[in-house]
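The values are calculated or read from the model by the stated rules, or taken from the named source; none is laboratory data. Because the structure is a prediction, the values reported are computed rather than measured. Note: ideal-geometry Cβ built from the backbone for every residue, glycine included; neighbour counts use all protein chains shown.
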Amino acid sequence: MTEAVLAGGNSVAIRFSNRELDPLWGAGLRFALAAGLIVVVMAGLKLEVPRGRALKGAVLFGLFQFAGAFGLYYYALVDIHAGLGQTLLALVPLATLVLAVAQRQERLSRLAVIGTLIGLTGVGLISQDPLRGSIPLLSLLAVLGSVLCFAQALVLVRRFPPIHPVALNAVGMAVSAPVLIGAAAIAGEQFALPQRVETWVALGYVAAIGSVVVFLLHVYVVQSWSASRTSYVMVLIPFVTVVLSAWLDQESVTTGLALGGLLVIAGVYVGALRQTRVPASGPPSTSRW
């Protein structure tokens, strides 16, 4: 439960960061700080930097998991609220299963098809909710693109030699930070440090708590609990985010968001989480955050 509460605050903090910092620059600054922190953890654990194919896998993981997924997600949260964004991110386990089937890592099941249809119905209901106003198409596509990047990162990493999850994320964050900052430069974003206290608090939260503390908690939970019990944390996080966003960011909890969100989560449970019985072959991920 602690993991879900802390992870649930990430999307809200990104929204606060986006109010002062341009999105790609904010994401790059976050992972530059987070990379420094997790490298310290890596050194404390006396972990070696991966080499060869393992290093290649960690780099590709970082490009999808942090640069691609969070770059798109930060952009989306400029115009949409955190509760909506986090609810759509709950599709990651289902998208991972679909991509794994498409890339012949797993077999297609009846439950996966049913879950996908339920989840897509939920997305459609949320996007067409008249009480939420018009959701910018590019923002909606950016969230869905983020979901696919998160999912592809988890599928891709299974093709490479296993790496300690702390080392994997340290390399991934270190690689993604300059990529995001470079993308910010190409996009003409302003490179400025925060001037507002709330922006520093939000940036510190996503860098230290959201990117390092929550991740280490997740590793501990994965090692202590069964995979099936661990997976249920994924469906709790959107509820926490919606509550925090309604409280701190005045997000309206409309009928469309409530019903659509429940359908998304039901689809994920039926299509992906219900099938989880053994530990996943991939590493713990920060995709929900």
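For this structure, a couple of remarks:
- Taken as a whole, the condition of being hydrophobic (A, V, I, L, M, F, W, C), within 19 Å of the chain's Cα centre (by Cα), at pLDDT below 90 and crowded, with 21+ Cβ neighbours inside 10 Å applies to Leu84.
- Applying the set (1) out of contact with any helix residue (DSSP H, G or I) (no Cβ under 7 Å at 6 or more places or on another chain); (2) closer than 15 Å to Val143 by Cα; (3) of a type in the set (Gly, Ala, Ser) to Gly71 leaves exactly one unmet item: (1).
- Checking Leu141 against (1) surrounded by fewer than 15 Cβ atoms within 10 Å (Cβ to Cβ); (2) touching a residue at least 60 places away in the same chain (Cβ under 8 Å); (3) closer than 21 Å to Leu97 by Cα; (4) of a type outside the set (D, E, K, R), the condition it does not meet: (2)
- Of everything in the range 30-48 that is out of contact with any helix residue (DSSP H, G or I) (no Cβ under 7 Å at 6 or more places or on another chain) and hydrophobic (A, V, I, L, M, F, W, C), the residue that is nearest to Ala67 (Cα to Cα) is Val40.
- Within the range 244-264, residues that are in contact (Cβ under 8 Å) with a residue 60 or more places away in the chain and assigned to a helix (DSSP H, G or I) have Cβ atoms under 6 Å from residues that are surrounded by fewer than 16 Cβ atoms within 10 Å (Cβ to Cβ) and among the charged types (D, E, K, R) in no pair, counting only partners at least 6 apart in sequence or on another chain.
- Qualifying position, being under 25 Å from Val171 (Cα atoms) and of a type outside the set (Asp, Glu), among Ala95, Ala102, Ala82: Ala95
- Only one entry in Val235, Val219, Val214, Val157 is touching a Gly at 6+ places or on another chain (Cβ under 6 Å) and modelled with pLDDT under 90, namely Val157.
- Any hit, the range 151-162, residues being over 28 Å from Gly261 (Cα atoms), crowded, with 17+ Cβ neighbours inside 10 Å, over 17 Å from the mean Cα position of the chain (by Cα) and not acidic (Asp, Glu): yes
- Contacts under 8 angstrom Cβ, first residue in the range 180-204 being within 21 Å of Gly62 (Cα to Cα) and modelled with pLDDT of 95 or more, partner part of a helix (DSSP H, G or I) and of a type in the set (D, E, K, R), 6 or more apart: Leu203/Arg30
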